[in-house]
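One structure is given below, encoded as structure tokens.
None of the figures in this text is laboratory data; all of them are computed from the coordinates on show. The structure presented is a predicted model; accordingly, all values stated were derived computationally and were not measured.
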Amino acid sequence: MIENSKDKINFWEEFAKENNGVFKVGYSWISDSAEIEYRKWKITFDNFTLWLEFCLR
């Protein structure tokens with residue numbers, strides 16, 4: 001049986017929702033990411049890296 005992509009749960013999408021972040025669609029499911037802010041730091045999570053960027057606000 002072939003799974004419908006609408007039925008699949010995207011980990012980064014759920015993670016972004018639970019943490020008031022932003023879900024970013026990549027070129028394929030493996031390049032999707034989530035971005036959240038925590039104590040003036042912008043943190044990007046994806047399947048390969050963890051990016052930290054200090055937000056000067």
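Structural remarks
- Estimated at 0.36 nm per residue, the fully extended path between F11 and F23 surpasses their Cα-Cα distance by 3.3 nm.
- Only lysines eight or more places from K8 in sequence, or on another chain, were considered; those with a Cα closer than 23 Å are K17, K24.
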